[in-house]
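A short worksheet on the structure shown next.
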Amino acid sequence: MDIPALDALPHNRRADVRAAVCAVETTMLPVRPAHYRALAETPLRVVVEQVLAASGRTLLAVAGGYLSGYDDDIRQRLAHEGIGILPRDDRAVLTLVLLHSVAIPRASGTAVPDQPWTRATPVPVHELKGCQVPDGVITSALQRLVDADLVRHTKTGYVLGHQFLRLTKSAGSQLFEELILLADPAGPLAESIRRRRAFRPTLPATVTDHETQDMP
């Protein structure tokens, strides 16, 4: 990988950059800048961004730390080409978790403002199984989603997994809009979304980070 800014650094600074890239690409939770010089110092962080960009990745500021995720252009291209999309049953169950954990509480005003999706309202399994998806499909899909860290099982129910921390701001906004349109299509938020979308082209569906890493 030919990255002039990285090659121009002294050996120890190149090692700092590589360590930071490895950390943000592999960790589950946001990496604290204090733990990695290449994230704490702006000039080195720019090089980290360049290294990630060479692979279609981007550096994300998340909850006081950093993670990496797919660049929006790459994400849209993968989705458009059908690469890395979850199986139909898994998509259906993940949508149920998103609806009951994030979209419905926010649309009804019961959610904590600006709370990360991964700490949203837990959904009891009996609430998921009260939907039209067969119980057996829900049970098996939930296990696969948990294994992929797209969903987590807590004491009181299911919430979104840490992979959702790797969505860019644009991807998260787009996904949330789709959920609002599905959860409360006649509400004021949905109407606002439709008005705004009338003046911009429709984007392909969001592909989560884990879906593209483990192509089914």
With a cut-off of 8 Å between alpha carbons and a minimum separation of six or more residues, what is the relative contact order of the chain in percent? 22
Taking only the alpha-carbon atoms of segment 15-60, what semi-axes of the equivalent ellipsoid follow from 5 times the gyration tensor eigenvalues under a square root, in whole Å, largest first? 14, 13, 9
Where Rh is the Kirkwood radius over Cα pairs, Rg/Rh for the chain: 1.01
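Which length gain, in nm to one decimal place, applies between Ser55 and Val133 when the Cα-Cα distance is subtracted from 0.36 nm times their residue separation? Walk me through the intermediate numbers first.
Working: separation 78, 0.36 × 78 = 28.08 nm, distance 3.76 nm.
Residue separation times 0.36 nm, minus the Cα-Cα distance, leaves 24.3 nm.
How large is Rg/Rh for segment 133-205, to two decimals, with Cα atoms and a Kirkwood Rh? Show your work: numbers first, answer last.
Values: Rg = 15.3 Å, Rh = 14.4 Å.
Here Rg/Rh amounts to 1.06.
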Which far-off residues, 5 or more places away or on another chain, put their amide H under 5 Å from the one on Val123, with H placed in the peptide plane? Tyr158, Val159
For segment 18-109, count all C-alpha to C-alpha pairs, find those more than 21 Å apart, and express that count as a whole percent of the total. 50
Take the Cα atoms of segment 149-191, find their three principal axes, and give me the spread along each one in whole Å, biggest first. 34, 26, 10
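Specify, per residue and in Å³, the volume enclosed by the convex hull of the alpha carbon atoms belonging to segment 40-167. If you can, show how the numbers build up before the last one.
Details: hull volume 17.2 nm³, N = 128.
Here the figure is 135 Å³ per residue.
Computed from the coordinates by the stated procedures, all read-outs in this text should not be read as laboratory data. Because the structure is a prediction, the values reported are computed rather than measured.
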